Every structure is written in C-alpha cells, then in structure tokens.
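Data block below; observations after.
The values are calculated or read from the model by the stated rules, or taken from the named source; none is laboratory data. It should be emphasised that the depicted structure is a prediction, and the values quoted were computed from it without experimental measurement. Cβ sites come from the backbone with ideal geometry, for glycine too, and all protein chains shown count toward neighbours.
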Amino acid sequence: MAPIAKVGGLGDVVTGLARTCLLRGHKVDIMLPFYECIQKQHISDLELITSYSSYHDGNWIACNAYRGLVSSIPVIFIEPSNQFFKGQSVYGGSYNELEAYLFFSRACLEWLQVTRIQPDIIHVHEWQTGALPLLYWDMYHHLSLQKPRLVLTIHNMEHYGECSQEQLSKCGLDGSTYGTVDKAVDDRTIGHNPERLSLLKGGIVYSNAVVTVSPTYLNETLCSGWLASSLIRNRNKYSGILNGIDTAMWNPATDVFLPAKFHANKTEGKRTCKRYVQMGLGLASEKGLKNGNQVTDKVPLVVCITRLVAQKGLHLITHAINHVEKLGGQMVVLGKASDVRVEREFEGLANLYNQGSSMRILLMYSEELSHMLYAAADIVLVPSIYEPCGLVQMIGMRYGAVPLVRKTGGLADTVFDMDDHSQPEKANGFVFEGIDEGSLNSALDRAFSYYGESRFLCKSITMLLTMFSSAASLTRSLLHAGPNEWRRIVRKVMEIDNSWNNTAEKYINVYNSIRVR
Ligand code: ADP
C-alpha cells in the first residue's frame, strides 16, 4: 500500500482504488500485515483495536489488530507475535514468505470472525492472499462468515504462489484435497512426484470474480501461459480492468516533492524541475551551466523508473543508455534490483557512466526522487518484455513526460504512436514492438526527432535543408520536429485522464454483480 508498504504498482493500485471507492461513498478498510519496515509517522490515529489469536501449523498465534489512517484511508494492521513480517523491507525478510502469507490470509478471516464484521466484498490481490478464498469457502463460511463474496485481482501472472500440500495444510486446510485440476494443482506438475499446488490458481477457482489489470493482458493470459486453461474454464467471471493512477498522490500541481509546481496550462514549473534535477545530479555540462537555462531545453532527458527484473526488459534498458548517449541526450535510471547478479551488472554500468555528465544510474528505491524525475523528464522509457498494466507510463504522462514503450499488455492500452495515422486523436507517445535493440533505437530516434533538438538528427535535417530545400521541408513536416510541436505533445499527455475516475466504476460493477443483497 503506497506510500507505507510499496514495492511497485500494486501498492499504488491498493491506495488509489480504495480512495476512489471511499470518495464514491463506499466503506473501505484495507487489511495489511504490520510489516516491521512500515514507517509509523505515515499512519495517523493509530490504535490497538483487537487482541486475538489465529491458527498456524498446530498453534494459535497471538495477534494484535491496529486501526489507523494512511493518506486518509482506513487501514487495519495485523501484527502476529511470531517472526512473520519482520525485517527492513516488505519482501525478502528472514521468515518463510509463503507461510507468512498463508498465516495472514487466515488471520484476516479470523479477525472478521472475532469482530463479527461481515463486509459485502473481500478483495484480495496476488498469490499472497490466494489461499483466502479457499479458507473462506471451505472453513469460515461454515463457521460464522456468510455475507462476503470474493474478488481476486491478478497483477502479474508470473508469480503464482508455488506451494506443497503440506505447506497449505499449515493454515489449517487439508492440503491433500486441493491437488486436482479443478482446484489448485499446478497443471505443469501433474504426474510428478510430488505434484505442486498454486495459490494463484486456487484463488482463481475459489473467487467469485477474477480481474486482471488491463484488457490486453486479459487476452494475453487467455492465450498463453499454463494458467490459460484455468482462466478459460473460469472465463465467465474473468475480466480485464485497466488500473488508474492515484491523482491525489501523483499531482504535479501540488506535489510536495517538487521544487516548482505545474499543470497542463502552465508548464514553466516543469522546466525548473528539469533544471533542478540536472544540476542536482550533475547532468548539465560545464558549457550548459555557464549558459544558464539553455542546456535544459536543448537536451532531451529520458528517465526509466523501474524494478530491475527481467520482465522490465533489462537488455533494452542498458541499450537505451548507450543509444541515448549516442544521440546526445541525457538519461537517468532509477532502479532497484532484487537479484544480486542484476545488481552487479547495473553497478558496473553505474561505475562506467556516472563519471560522465549525461547519464546517471541510481540503484535504489526512492519515492521522493521518483516524483522529481517524472517532473523533470521529457521522455519516460518503459521497454518491458511483458507488462500487465504499467503505471510508470501513466504517471509520466501526468507529469508531462512523453512515454516511449514496448507494445505489450497495459502499455498497448495506454500509449499510441505519434506516427500511427489511423488514430491521430489518440497519439500520445512512441511505441515499438520487437524485443531487439534495433526496434528500440528507431523509437528513440523518432522521439528525439520530434523533440527537435537531437544533435544527430538536427544535423541531418540541417544538411538536408542545405542540400534540397524542398525535400527538407517535406522531411521536416513529416518529422513534425520542433519545440512547439513537442510542447503540444507534452500538454496533450498531461491532459489525458488516467485516473481511477475512468475505471473504478468497472470494479464497483464487479462488486455489485456478486454481492449478496
Ligand atoms: P510494477 O508494478 O511491475 O513494478 P508499475 O509500472 O505498475 O510496475 O508500477 C511501478 C511503481 O513503482 C510506480 O509507482 C513507480 O514510480 C514505482 N517505482 C518503481 N521503481 C522505483 C524506484 N526504484 N524508486 C521509486 N519508485 C519506483
């Protein structure tokens, strides 16, 4: 949940969707593990509300439930008295993550049972809470919980919650009864000894509605991947709803992290943000510094803000660093790797490039810096191999950064190429299809030519102008290059509404379609 326990887009979605539902008059409580890494100063009115016990592996574990407000949204924090959720980060503590989330799934239902609260909807996310629908229908529904119905949102199908029957039994269910095709068996392991379970598949089978995070990803998941057959069997309850962004948290007109505010009709503040970041990161060249503002506008700044994992197109990110440098642009990568080998590779790149004055590779997670980079950026790069939805391109647009993306999943639903003349009204960025470096190069080349200041392309255009003036004007009009054209694109992307206003209603329709009246 952003900002207190955020690793990627899921955190933004939980906060943004909850806020929009609250604004529409629904009652919402978010339930979270009380991760030790949560900074308590972000929680207001924190109070202990219930002390109770929940089952795990033959024991009843004492738990405290706290209530508090995070960014005005009510949250219930479940804190077990054992080692679960201890550590300095949301994931990767020294406890067994699978067991911790099995425990959490049951502890949420146990809390509803002891407090006699019966919500209309329990909305679970990802494999971590995939066992909750099993626990609900096979245990708590036979106890006191009658009313709730279940929605599962799948944010990323690659993480499917691999689990043995014995591990599932630790939450009190009989794991041996779930190893069938119509329940939770991982279909790929059928006939193996032992077969495995998937908590995500169990969640798909046992939830009343299943949602994934964009219409294109919905189609992709129905066509490929081992879960496709389960999703096809459950097609009537499976839908794709595009994520929105939380426009209260992501608002360049009010953003407390920015040195200057701006909005679509008044973009001067964006220049200040760019200059601030260039100076702060030592990006502006000596010459540029002497010339004051000039360097800010002449050199396009590309940013890439990402978890550094294979899904995000690591080879394309490293290639972009190279190509942007060749084109005479500037680039900042803000990324955090969870894999040591990836971290080493990017550390190597950082050592190589951070000495110069045009590239910065910052290997960390920083919410504050991410806000400043979105505000400073001319181009936001998202070269993902697959991308269920992607929020980075939407946040970038809100901050006036033109997206340059690979055409996959939610990126294909939100970014439309400037040179696709079949739907000019939608055009809002640069799109490439291949996973090869040449495809990325050509999109970067086109973006730089639109920016109109790429030294390389400008030189080519100038040469053309000198050589064949009529051909050159044709080239120019084809390229649409020039700062005014760029300003028009920036304004256009800032005006696009990617907020939850557009899609929260679809979730509310799903809730209404399954709730018991
Ligand atoms: P995913 O959920 O796969 O990580 P999304 O594009 O849906 O990708 O969401 C990513 C979110 O995480 C965005 O809010 C982005 O700004 C943020 N983010 C990613 N990496 C970092 C980082 N290193 N520092 C700060 N924020 C980051």
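Annotations
- Taken together, the residues in the range 75-122 that are closer than 22 Å to Tyr507 by Cβ and in contact with a Leu (Cβ under 8 Å, 6 or more places away or on another chain) amount to 10.
- Evaluating Asn243 against the criteria (1) polar (S, T, N, Q); (2) in contact with a Lys or Arg (Cβ under 6 Å, 6 or more places away or on another chain); (3) buried (at least 19 other Cβ atoms within 10 Å of the Cβ) leaves one unmet condition, (2).
- Number of positions in the range 331-358 that are of a type in the set (A, V, I, L, M) and assigned to a strand (DSSP E or B): 5
- Of the strands (runs of 3 or more DSSP E) lying entirely inside the range 363-439, those containing at least 1 residues that are closer than 14 Å to Gly313 by Cα and near the ligand (Cβ under 8 Å from one of its atoms) span 379-382.
- The single condition from (1) buried (at least 21 other Cβ atoms within 10 Å of the Cβ); (2) modelled with pLDDT of 95 or more that Glu433 fails is (1).
- Annotation: of all residues in the range 79-128 being polar (S, T, N, Q) and under 22 Å from the mean Cα position of the chain (by Cα), the one that is surrounded by the fewest Cβ atoms within 10 Å (Cβ to Cβ) is Gln88.
- Filter result (touching a strand residue (DSSP E or B) at 6+ places or on another chain (Cβ under 9 Å), of a type in the set (Gly, Ala, Ser) and either farther than 26 Å from Cys63 by Cβ or surrounded by fewer than 14 Cβ atoms within 10 Å (Cβ to Cβ) (or both)) within the range 15-39: Gly16
- The set of residues in the range 148-176 being within 30 Å of Gly410 (Cα to Cα), in a loop (DSSP other than H, G, I, E, B) and among the hydrophobic types (A, V, I, L, M, F, W, C) consists of Met157 alone.
- Listed by first and then second residue, the pairs with beta-carbon distance under 8 Å, at least 6 apart or on different chains, first residue in the range 354-375 and without any contact (Cβ under 8 Å) to a residue 12 or more places away in the chain and farther than 30 Å from Ala264 by Cβ, second within 12 Å of the ligand (Cβ to nearest atom) and not in a loop (DSSP other than H, G, I, E, B), are Asn354/Ile361.
- Cβ-Cβ under 8 Å pairs, at least 6 apart or on other chains, the range 333-349 side over 23 Å from Gln278 (Cβ atoms), far side in a helix (DSSP H, G or I) and more than 14 Å from the ligand (Cβ to nearest atom): Glu345/Thr318
- Taking (1) of a type outside the set (Gly, Ala, Ser); (2) more than 24 Å from Tyr399 (Cβ to Cβ); (3) in contact with a helix residue (DSSP H, G or I) (Cβ under 8 Å, 6 or more places away or on another chain) in turn, Arg233 satisfies each apart from (3).
- Any hit, the range 174-190, residues being at positive phi and not hydrophobic (A, V, I, L, M, F, W, C): no
- The C-beta contact set for the range 382-406 (first residue farther than 22 Å from Ala264 by Cα and of a type in the set (A, V, I, L, M, F, W, C), second residue within 11 Å of the ligand (Cβ to nearest atom) and assigned to a loop (DSSP other than H, G, I, E, B), distance under 6 angstrom, 6+ apart or interchain) comprises Val382/Gly390; Cys389/Val213; Cys389/Ser214; Cys389/Asn243.
- The requirement of being outside any helix (DSSP H, G or I), at positive phi and modelled with pLDDT of 95 or more is fulfilled nowhere in the range 74-83; no residue meets it.
- Selection count where residues are within 16 Å of the ligand (Cβ to nearest atom), more than 20 Å from Asp120 (Cβ to Cβ), of a type in the set (D, E, K, R) and not in a loop (DSSP other than H, G, I, E, B), scope the range 1-51: 1
- Of all residues making up the range 298-316, the number that are over 15 Å from Ala377 (Cβ atoms) and either of a type in the set (A, V, I, L, M) or modelled with pLDDT of 95 or more (or both): 10
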